[in-house]
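Data block below; observations after.
The values are calculated or read from the model by the stated rules, or taken from the named source; none is laboratory data. Keep in mind that this is a model prediction, so the values were computed, not measured. Backbone-built Cβ (ideal geometry, glycine too); neighbour counts: all protein chains shown. Just so you know, the surface numbers come from the protein's heavy atoms only, side chains and all, with ligands and any DNA or RNA stripped out. Shrake-Rupley method; radii C 1.70, N 1.55, O 1.52, S 1.80 Å.
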Amino acid sequence: MPDRVFIDTNVLIYAHDVDALRKHEIASEILRELWSTRRGVLSTQVLQEFYVNVTQKIPAPLPRSLARQIVRQYFVWHVELLPPALILKASDIEERHQLSFWDALILSAAAEAGATKLLTEDLNPGQTIEGVLIENPFTPVPG
């Protein structure tokens with residue numbers, strides 16, 4: 001099985017926010033690749049945060065019906081559910097790694113889903129936590 005890639009909320013939002021310009025292009029390309037390779041993973045937390053942000057917080061909010069349709073499309077991906085035990089695991093990660101609880105919950109879900117990589121702009125790129133490598137797809141690669 002190919003390596004799974006966990007998508008954080010910000011990447012998903014940028015892919016559907018045309019006002020995000022360059023980040024929109026990058027995120028859209030990432031999602032196209034993950035759709036074609038079937039390696040994409042997300043969690044119920046990501047889908048919830050996505051819905052709220054694209055319907056209320058981006059410069060040109062999406063209609064709720066369109067946001068629901070987009071969320072529904074991602075049901076074919078591996079969507080990690082967040083049972084109570086994962087919440088406790090996240091609280092441990094939060095404490096050990098000095099992260100926000102919400103970022104720790106994303107990492108917990110990524111690890112639980114067997115993802116080897118987390119694409120986000122919210123954490124330190126290059127760091128590996130719980131066996132998950134953190135990458136910021138919006139940072140230019142040196143060289």
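See the values below:
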quantity: Helices (runs of 4 or more DSSP H) contained entirely in the stretch 51-143, each with at least 2 residues that are free of Cβ contacts under 8 Å to residues at least 40 places away in the same chain and open to solvent by 70 Å² or more (accessible area, probe 1.4 Å); calculated: 64-73, 84-97
quantity: Odd one out for Ala20 among (1) at pLDDT below 95; (2) more than 19 Å from Asp122 (Cβ to Cβ); calculated: (2)
quantity: Among residues of the stretch 1-50, those that are polar (S, T, N, Q), touching a strand residue (DSSP E or B) at 6+ places or on another chain (Cβ under 7 Å) and part of a helix (DSSP H, G or I), counted; calculated: 1
